[in-house]
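For reference, the structure is listed below as C-alpha cells.
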Amino acid sequence: MSRPKLQLALDNHDLSSSLAAAQKSQSQVNVMEVGTILAVENGMKAVRIMKSLFPDHIVLADIRIIKAGGKLAKLAFESGADWVTVISDASNDTIEAVVKEVKSRENKDVQIEINQTFTNEQTEYWRSLGITQLIYHRSSEVVEEEEKWSPEVINELKSLADKGFQLSITGGLSVDEIKLFKDVPVYCFIAGRKIANSPDPFQAAKEYKDEIIRVFG
C-alpha cells in the first residue's frame with residue numbers, strides 16, 4: 001500500500017490569504033486545491049496564480065462540474081489545473097465531455113465527487129470510461145454531529161478500492177481520524193480550514209503528514 005498524498009483545500013473568499021497559507025505549508029502537501037468558493041470568487045485567475053507559484057505541485061480546480069463539462073474542463077486545464085472535479089449527479093454526456101478533454105491532454109485527470117446515493121451501475125460506467133479517481137465527501141451535517149467514520153463507510157471505501165478506484169477522503173477530517181483508514185488504500189487525504197485557517201499552517205500540515213507517515217509508512 002503506497003503512502004497517501006496530502007491535499008490542501010483552499011476555500012476562503014480571499015485569494016491573498018489562501019496563497020499565504022499555501023506558501024507556508026507547501027513543503028508538507030502534494031496537491032493544492034483551488035476550492036469552489038475561491039474559484040467562484042476569483043475566477044480562473046486563482047488557478048493560474050496557484051500553478052505559477054507551485055509548478056511542482058498538482059493543482060486541482062474544484063469547480064464541481066455538473067453541466068458544460070467540456071467547456072469548463074478546457075477552461076480549467078488551459079488555466080493550469082492538473083485535475084478537475086465533477087459531481088456524480090452530472091449527466092453521462094457531461095462526464096464524457098470532461099473525459100474527452102482529459103484524454104486530449106497530457107498529465108490531466110478528473111475526479112468524481114460521489115454523494116451518498118451513488119450506484120454500482122454508476123461506478124461501473126465510470127470505470128468503463130477510464131475514470132480512476134473518486135472523492136468521498138463526508139457531509140457537513142455528519143461532521144457537525146461529530147460522528148466518526150463508521151465501519152460501514154470503511155467497508156464501502158474498501159469495496160470501491162477493490163473496483164480499481166483511487167480514493168480521496170474529505171469532510172472535516174482531523175489528524176486523529178487518519179488512523180481509521182489504515183486498512184484502506186487511500187490515494188489522498190484532503191484537509192482545508194484546519195490547515196488554511198490555522199495560526200501556523202506549516203505546523204498544521206506537518207501534523208497531518210506526520211500522521212500519514214506513521215499510519216501508512
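Split the accessible area of the range 1-141 by element, probe 1.4 Å, and carbon with sulfur accounts for 49%. Karplus-based coupling profile of the range 85-90, in residue order and whole Hz: 10, 10, 7, 5, 7, 4, with θ = phi - 60° in 6.51 cos²θ - 1.76 cosθ + 1.60 and x standing for Gly or Pro.
Highest first, please rank the peptides 130-137, 90-97, 104-111 by the mean number of other Cβ atoms sitting within 10 Å of their residues. Walk me through the numbers before you get to the answer.
Numbers: 130-137: 19.4, 90-97: 16.2, 104-111: 14.5.
Going from most to least packed, we get 130-137, 90-97, 104-111.
The 3J(HN,Hα) values that the Karplus relation (6.51, -1.76, 1.60; θ = phi - 60°) gives for the range 22-27 are, in residue order, 5, 4, 5, 9, 4, 6 Hz. Gly and Pro appear as x. Rounded to the nearest whole Hz, the Karplus-based 3J(HN,Hα) values (6.51 cos²θ - 1.76 cosθ + 1.60, θ = phi - 60°) of the range 70-77 follow the sequence x, 5, 6, 5, 4, 4, 5, 5, with x at glycine and proline. Among the listed values [x] 7, 31, 33, 15, 6, 5, 3, 1; [y] 8, 32, 36, 17, 7, 1, 0; [z] 8, 35, 39, 18, 0, the one computed from these coordinates for P(r) over Cα pairs in 10 Å bins from 0, in percent is [z].
Distances between placed amide hydrogens fall under 5 Å for R64 paired with T85, all partners being 5 or more residues away or on another chain. Ranking M50, M1 from most to least accessible surface, computed with a 1.4 Å probe over the protein chains only, gives M1, M50. Solvent-accessible surface of the range 85-217, taken per residue with a 1.4 Å probe and all protein chains present: 51 Å². Note on I66 and I154: their simple-model spin labels are 3.3 nm apart, each label 7 Å out from Cα toward Cβ.
By the scheme Lys and Arg +1, Asp and Glu -1, what is the net charge of all other residues having a beta-carbon under 12 Å from that of S27?
Details: positive: K24, K206, K209; negative: D56.
It works out to a net charge of +2.
The values are calculated or read from the model by the stated rules, or taken from the named source; none is laboratory data. If you're wondering where the values come from, they're calculated on a predicted model, not measured in any experiment. Glycine also receives a Cβ, built like all others from the backbone with ideal geometry; neighbour counts cover every protein chain displayed. Heads up: the accessible areas ignore ligands, DNA and RNA and are worked out on the full protein's heavy atoms, side chains in. Shrake-Rupley method; radii C 1.70, N 1.55, O 1.52, S 1.80 Å.
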